[in-house]
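Here is the structure we will look at.
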């Protein structure tokens, strides 16, 4: 799995290119699988949500799979985190 530095993600503006969508998806995979980081389903859901918003069908499916393992409160936290990320970026 590729590792992405935070500055790359922060520069990724929604609507600019498919590359950013791929980065969001890769971050979701990284947190869902615990690749180079601790498994964090809230973070995985957030990044899959951002990738899904860009039209990534795999992210839509994986976001749903991750959500099945989460409580409603954690899903709400992940959704707020995605909205917060969009507000800042």
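What to note about this one:
- Burial ranking of peptide ranges 26-33, 79-86, 45-52, 68-75 (average Cβ count within 10 Å, highest at the top): 45-52, 26-33, 79-86, 68-75
- The Rg/Rh ratio for segment 6-88 is 0.94, where Rg is the radius of gyration of the alpha carbons and Rh is the Kirkwood radius.
Only the coordinates and a few stated rules stand behind these numbers; no lab work does. Treat the numbers as computed from the prediction; the structure is a model and nothing was measured. All Cβ positions, glycine included, derive from the backbone under ideal geometry; neighbour counts span all protein chains shown.
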